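Following: one structure in structure tokens, then a few remarks.
All of the numbers you see were taken from the coordinates with simple rules; none came from a lab. The shown structure was predicted, so the numbers you read here are calculated from the model rather than taken from an experiment. Quick reminder, even Gly has a Cβ in these numbers, built from the backbone with ideal geometry, and neighbours come from all protein chains shown.
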Amino acid sequence: MRILIPDAQFLDDAEIERAAAGPGVTFDVHRAVRETDVPEASWRACDAVICYHVIQYRGPWLDRLERCRVMVRAGVGFDNIDIAAAAGRGIPVCNVPDYGTTDVADHAIAMMMALTRGVAAYDAQLRADPVGAWRFDTPPLVRRVRGQTFGVVGLGRIGTAAALRARAFGMDVLFYDPALPSGAELSFGFGRTRSLADLMAGADIVSLHCPLTGETRGMIGAEALAASRPGQILVNTARGAVVDLDALFGALKDGRVGGAALDVLPVEPPEPDHPLIRAWKAQEPWIAGRLLLSPHAAFYSPSSIVDLRRKSAETVMAALAGEPINCVNGVVPRHG
Ligand code: NAI
């Protein structure tokens, strides 16, 4: 049994994966940036692939997976894998949806709190001038959190965890998720909107927790932002391309949107010449204290990485044993 890890995001020799997979399994570990960086023979020889986020798993190279019986995305979002193309070749694709749910929810709330309590802005101001900046009334987005409305786009695992945390802060919760059955709002005790525009209009904070799909790509664009409640704070820990960065720049600049906290960007790392990134980096007065970035790190904690790696290997082994979990492309694995 041979498991290929083309774009491994760890430095050791797959120790956690080896322990989870058990004896008789060989690991072929690479830290590639493109699929062409991995030897052709590795693609052809593997029984399973554990995919991280760096390589785009799409295109004709899939034909090289002659023996492959499962692809496991070490992560939740599988937008870098052409799952239909894999299905067309009879290869099931599974993800690992349950390794960092609380970490991402905590991060979304931390970003919201950092802006609404001015934490990052106070720190930046004091570092520049520890004496002169010793004032409480300078960060632009400080507000009482209790009583604000926390709007969730995508009330799945992470969205629900974030919503429950927001409720614990005394916030009202509103959500938009067209896939949830009628009555889900009653089970949770959250408010529900039937359109994105209503969610944007009704929330003081909007936190994105939907997957990146054809439908959600660019969903938070000029139209959605024009519908937003004035002064709204947008938090994105989902996928960068859900937000149209140019439209967000315009909405922040004209003041419609109060602030934004982005863990994910359409291009990662960011394009330094994008006007929003340039203004933020230069701390231009209009944006100071209103934009917070983190480097696609919402999922990260040492504990979440251990869970992710162990569960990725367990997911491979389950599929190879004919008992797949978390298959996202509807293919039944070949057993044996
Ligand atoms: P999930 O599948 O449990 O929940 C996603 C929810 O979004 C579902 O309830 C679904 O119905 C909803 N949804 C789908 N299309 C929608 C639309 N057009 N409008 C509104 N809602 C829609 O997934 P989970 O575990 O909550 O993860 C959500 C996303 O978070 C992932 O797809 C991934 O892209 C992102 N993520 C980001 C991480 C980071 O480090 N920043 C780490 C882990 C996940």
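If you take the alpha carbon atoms of the stretch 101-293 and fit the smallest convex hull around them, that volume is 113 Å³ per residue. Taking amide H as placed 1.01 Å from N in the peptide plane, residue 260 has its amide H under 5 Å from the amide H of 234, 291, 292, each at least 5 places away in sequence or on another chain.
Restricting the chymotrypsin sites (Phe, Trp or Tyr not before Pro) of the stretch 176-245 to loop positions (DSSP other than H, G, I, E, B) with no more than 10 neighbouring Cβ atoms within 10 Å leaves nothing. Listing 111, 1 from fewest to most neighbouring C-beta atoms within 10 Å gives 1, 111. Over all directions, the average projected area of the alpha-carbon convex hull for the chain comes to how many nm²? For the Cα atoms of the chain, the hull's average projected area reads 18.4 nm². Close amide H partners of residue 29, meaning residues 5 or more places away or on another chain with modelled amide H under 5 Å apart, are 5. Semi-axes of the equivalent ellipsoid of the stretch 41-83 are 17, 11, 8 Å, computed as sqrt(5λ) over the eigenvalues of the C-alpha gyration tensor in descending order.
Mind pulling the angle between the C-alpha long axis of helix 302-320 and the longest principal axis of the chain? Nearest 10 degrees, somewhere in 0 to 90. Tilt of helix 302-320: around 40 degrees. Neighbours of residue 29 by Cβ distance under 13 Å: Lys/Arg scored +1, Asp/Glu scored -1, total -3.
Ranked for footprinting exposure by Cβ neighbours inside 10 Å, fewest first, 107, 30 give 30, 107. For the stretch 163-172, putting each phi into the Karplus relation 6.51 cos²θ - 1.76 cosθ + 1.60 with θ = phi - 60° gives couplings of 4, 5, 5, 4, 4, 5, 8, x, 8, 7 Hz, in residue order, rounded to whole numbers and with x for Gly and Pro.
Computed from backbone phi, the HN-Hα couplings of the stretch 242-254 come to 5, 9, 7, 5, 5, 5, 5, 4, x, 6, 6, 5, 7 Hz, rounded to whole numbers (Karplus: 6.51 cos²θ - 1.76 cosθ + 1.60, θ = phi - 60°; Gly and Pro given as x).
Distant-in-sequence amide contacts of residue 70, defined by a placed amide H-H separation under 5 Å and a gap of 5 or more residues or a different chain, comprise 49. Neighbours of residue 116 by Cβ distance under 11 Å: Lys/Arg scored +1, Asp/Glu scored -1, total +3.
Of the peptides 146-159, 272-285, 82-95, the order by per-residue mean of other Cβ atoms within 10 Å, starting with the highest, comes out as 146-159, 82-95, 272-285. Annotation: Cα Rg of the stretch 13-142 relative to the compact-globule expectation 2.2 N^0.38 Å equals 1.60. Our summary gives the chain a relative contact order of 19 percent, counting only alpha carbon pairs under 8 angstrom and 6 or more residues apart. In terms of other Cβ atoms within 10 Å, 207, 187 run from fewest to most in the order 187, 207. For the stretch 99-104, backbone phi angles converted through the Karplus equation (6.51, -1.76, 1.60; θ = phi - 60°) give residue-by-residue couplings of 9, x, 3, 6, 4, 5 Hz, Gly and Pro being listed as x.
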